[in-house]
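Structure first, commentary second.
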Amino acid sequence: AACLEIEDLCFRYHDGTEALKGVSLSIQKEEKVAILGPNGAGKSTLLLHLNGIHLPQQGVVRVGGKEINSDNERQVRSKVGLVFQDPDDQVFSPTVWDDVAFGPLNMGLERAEIEKRVADALQSVRMWEFRSRAPHHLSYGQKKRVAIAGVLAMDPEIIVLDEPTAFLDPSGQEDLFEILENLHREGRTIIIATHDVDMAAMWATSIIILKDGQILAQGTTKLLVRED
Ligand code: ADP
Ligand code: ADP
């Protein structure tokens, strides 16, 4: 079943830039989706619509069959976790532990449940031993893992990552893919935005190609195999 559907989504920034021009797509549960496209294609703008940070100016976004609107955007944000490209946009608390607890605290969960979620999330990105550290002193790769843990602590069904491997060294990229595989094995749907065709071909079960705010193609990784 489709866990995420978009119909005719358009989005224009204040300066008049049309970032999305009638995007329609559908993502099935437990897929690994790569949204591929060059810089400026509209990938980040699209991702910001998947969890209600941007609401559609025109068109519809449905999560689990329910249309996102200003009344339920908070609910949607706990179902769809978004990991920004730059962890410095997301990681800001005095300690790693506080940072990961921020989402569950906002959800109004009980203390014991918050503690369990923070521990589980930090263990699954192998950052539990860093729980008392200040995030801004960590390496980029470590901050990225803390940002992922913060999203995991909300227990989202869908996890969306913007350029997840950007600025990571090869071993950091390997760690990241291992984390993504584990999350997928737990039954979560994973969506990444990337401009890296090879990475998309290697990792994804489904590909969406975006250019100039429009979908060029959607299908399996066969889309990326050239016949020439
Ligand atoms: P991508 O993530 O694929 O690089 P973006 O969604 O960031 O693409 O950008 C899509 C288009 O919207 C680009 O033309 C970009 O310059 C423009 N854009 C992005 N953010 C803003 C903004 N805050 N204000 C105005 N234009 C923006
Ligand atoms: P960088 O972010 O600079 O790439 P890493 O965060 O990958 O560095 O950490 C360096 C090493 O420490 C890696 O081998 C990683 O697996 C290991 N490591 C990271 N966090 C923990 C942890 N909580 N417990 C044990 N080992 C860890």
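Can you pick out the pairs among Lys21/Lys43; Lys29/Lys79; Lys21/Lys79; Lys43/Lys143 whose Cα atoms lie more than 20 Å from each other?
Pairs exceeding 20 Å: Lys21/Lys79; Lys43/Lys143.
Give the carbon-plus-sulfur fraction of the accessible surface of the range 70-193 in %, rounded to a whole number; probe 1.4 Å, heavy atoms of protein chains only.
Numbers: 2850 of 6010 Å².
About 47 percent, which is the carbon plus sulfur part of the accessible surface.
The three principal axes of the C-alpha atoms in the range 104-176 carry coordinate ranges of 39, 28, 18 Å, sorted with the longest axis first. Spin-label model, Phe167/Tyr140: points 7 Å from Cα along the beta carbon direction are separated by 0.5 nm.
Restricting to DSSP loop positions (anything but H, G, I, E, B) with no more than 13 other Cβ atoms inside 10 Å of their own Cβ, which trypsin sites (Lys or Arg not before Pro) remain in the range 179-228? Mind dumping the intermediate values first?
Details: sites: Arg185, Arg188, Lys211, Lys222, Arg226; in loops: Arg188, Arg226.
Here the trypsin sites (Lys or Arg not before Pro) that fit, given the DSSP loop and packing criteria, are Arg226.
Placing +1 on each Lys and Arg Cβ and -1 on each Asp and Glu Cβ, with no other charges, gives the range 55-119 a dipole about its Cα centre of roughly 360 debye.
Simple spin-label estimate for Glu174 and Thr95 gives 3.2 nm between the two label positions (7 Å along the Cα-to-Cβ direction from each Cα). Annotation: per residue accessible area for the range 102-153 equals 52 Å², rounded to a whole number [probe 1.4 Å, protein chains only]. Using only the C-alpha atoms, the convex hull of the range 155-228 corresponds to 121 Å³ per residue.
In the range 1-73, the inverse of the mean reciprocal separation of distinct Cα atoms equals 12.7 Å; this is its Kirkwood hydrodynamic radius.
In summary, the aspartates and glutamates within cross-link reach of Lys222, defined as a Cα separation below 14 angstrom excluding same-chain residues under 8 places away, comprise Asp198.
Calculate, in nm to one decimal, what Asn182 and Tyr13 gain on full extension: separation in residues at 0.36 nm each, minus their alpha carbon distance.
On the way: separation 169, 0.36 × 169 = 60.84 nm, distance 3.63 nm.
Value of the extension gain: 57.2 nm.
Here the contact order of the chain, divided by its residue count and restricted to Cα pairs under 8 Å and six or more residues apart, works out to 28 percent. When the P(r) is computed for the chain, the part past 30 Å accounts for 23% of the Cα-Cα pairs.
The values are calculated or read from the model by the stated rules, or taken from the named source; none is laboratory data. Please read these numbers as outputs of a predicted model, since none were measured by experiment. Counting neighbours? That spans all protein chains shown, and the Cβs are built from the backbone with ideal geometry, glycine included. Heavy atoms of the whole protein, side chains included, go into the accessibility calculation; ligands, DNA and RNA do not. Shrake-Rupley method; radii C 1.70, N 1.55, O 1.52, S 1.80 Å.
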